[in-house]
1. Restricting to segment 388-447, and then to whatever is in a strand (DSSP E or B), of a type in the set (A, V, I, L, M) and open to solvent by 30 Å² or more (accessible area, probe 1.4 Å), can you tell me which residue is farthest from residue 289 (Cα to Cα)?
2. Which of the residues that make up segment 141-161 are touching a residue at least 60 places away in the same chain (Cβ under 8 Å) and open to solvent by less than 80 Å² (accessible area, probe 1.4 Å)?
3. Could you please let me know if residue 296 is open to solvent by 10 Å² or more (accessible area, probe 1.4 Å) and touching a residue at least 24 places away in the same chain (Cβ under 8 Å)?
4. Does residue 8 qualify as being at pLDDT below 95, under 23 Å from residue 242 (Cβ atoms) and of a type in the set (Val, Ile, Thr)?
5. Say we look at segment 252-285 and pick out the residues that are assigned to a helix (DSSP H, G or I) and within 17 Å of the chain's Cα centre (by Cα); which of these is farthest from residue 367 (Cα to Cα)?
6. So, in segment 394-426, of the ones that are more than 29 Å from the chain's Cα centre (by Cα) and not small (Gly, Ala, Ser), which residue ends up nearest to residue 378 (Cα to Cα)?
7. Which one is surrounded by the most Cβ atoms within 10 Å (Cβ to Cβ), of the residues in segment 218-261 that are more than 21 Å from residue 375 (Cβ to Cβ) and of a type in the set (Val, Ile, Thr)?
8. Residue check: is residue 347 open to solvent by less than 20 Å² (accessible area, probe 1.4 Å) and touching a Lys or Arg at 6+ places or on another chain (Cβ under 8 Å)?
Amino acid sequence: MKRKLFGTDGVRGTANSYPMTAEMALMLGAAVGRYFRNEHGGVHRVVIGKDTRLSGYMFENALTAGLTSTGMNVLLLGPVPTPAVGLLTPSMRADLGIMISASHNHAADNGIKFFGPDGFKLSDAVEAEIETLVDEGVRPAHPENIGRARRIDDGRSRYQERVKSTLPSGLRLDGIKVVVDCANGAAYRSAPEILWELGATVIPIGVEPNGLNINEGCGSTKPQKAAAAVIENGADVGICLDGDADRIILIDEKGQIADGDQIMALMAARWAAEDRLAGGALVATVMSNLGLERFLEGKGLRLERTQVGDRYVVEAMRKNGWNLGGEQSGHIVMTDYATTGDGLMAGMQFLAEMVRSGKRASELTRSFEPVPQLLKNVRFGEGQAPLEIASVKTAISDAEGLLEGKGRLLIRKSGTEPLIRVMAECEDPGLLEQVVDGIVAEVQAVA
């Protein structure tokens, strides 16, 4: 069955527009509640976390109504990072975990992500079954079996202690000055507290959420503010998180930005040297830079690629027993510690390497020289399918011919926004711009 509601990371869209309406959240809550009551016996409970978007209150209440109508007991965590939900779902013996967040998107958007009882995101097959239940409707529980809802006060602190425990025993961050940009999002309290408790001097920014300013001019997709703060304060490193804190971008002491590929390169090499990189492999998506692949090959390691989406990275890791993976965008997945991307845990690994090696951030964030890469996004209207238009197909075919033997081209429709993403890699910057701009122009002409 083809999924209609679910994209690459749950259900996502503009709040109060299909599919992100209170009515749909109510139906989703009832459907997923019925599915997990059918699949698992015993006490039925679900944990729900959210980021700081204003619409989070609306979706939290609607989901709670749907879930309790099927007999699920709901534990409300309040604002917590997405990986906290992945951690607390099995820790609290819940059947299901739900995160209300649109990650790095602007405040008008929101999304609903689901985690199974093992703390991992649901598979495509399970999401398809839930969609069927949404379409067919579900029978509510008898009045005496309606579920209860209550707030959990210590969920965030449980998660913070888990993050701190990933720092090697006996290692502290005394003497390190850190700028941490929390994107006015879910980690606005957790990130500064964790770093300070471990001994760092902390300069926090993006820690004043008002429901409407999440990811606004800050966070992992807008790291310039944090880069300026690193220079202004003479900080050793900057850590930029996104709205739900499942991704990270680093900034060195010179204000230079390092993406997920550079973070993964450093970690893979370190873990391999410690004989803890399972299978000698790093898992990343087709978006990761060719320079990363060449770097790993030089170390005798492999880069295993998946389609775009951290859930597909995790699926490959679980299937093959690999323990390190992620995305160029900053999702870093370490299944020894977490069930999904965790920006704070990845930050702990980088800071630990700074302490152990005595090296500056700039020495640790340049493991390889990236192959020139250009990515441009083109927005399209509702109901349109630009990639099916003949002129666009021709432009893509022509570009592939120009790049043959010189680079690679990746065209894809975003799973979270109405965007066509056009990405190419090539050692020739002029050719790179030519092929990307040519395809973008054709898509814009029909979008």
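The values are calculated or read from the model by the stated rules, or taken from the named source; none is laboratory data. Predicted, not measured: the structure shown is a model, and the values here were computed from it. Glycine also receives a Cβ, built like all others from the backbone with ideal geometry; neighbour counts cover every protein chain displayed. When the accessible area is computed, the model is the full protein with side chains, heavy atoms only, and any ligands, DNA or RNA have been set aside. Shrake-Rupley method; radii C 1.70, N 1.55, O 1.52, S 1.80 Å.
1. Quick first cut of segment 388-447, residues in a strand (DSSP E or B) only: 407-413, 419-426.
Then keep just the ones that are of a type in the set (A, V, I, L, M); that gives 409-411, 419-420, 422-424.
Add one more test, that the residue is open to solvent by 30 Å² or more (accessible area, probe 1.4 Å), and what stays is 409-411.
Numbers: 409: 12, 410: 12, 411: 15 Å.
Going through the qualifying residues, I end up with 411.
2. Correct list: 141, 145, 147, 149, 152, 155, 156, 159.
3. no
4. yes
5. Here is the first cut: in segment 252-285, the residues assigned to a helix (DSSP H, G or I) are 260-273, 278-280.
Then drop every residue that is not within 17 Å of the chain's Cα centre (by Cα), which leaves 260-264.
On the way: 260: 12, 261: 9, 262: 6, 263: 9, 264: 10 Å.
My answer is 260.
6. Out of the qualifying residues, it is 394.
7. 239
8. Details: open to solvent by less than 20 Å² (accessible area, probe 1.4 Å): yes; touching a Lys or Arg at 6+ places or on another chain (Cβ under 8 Å): no.
Criteria not met by residue 347.
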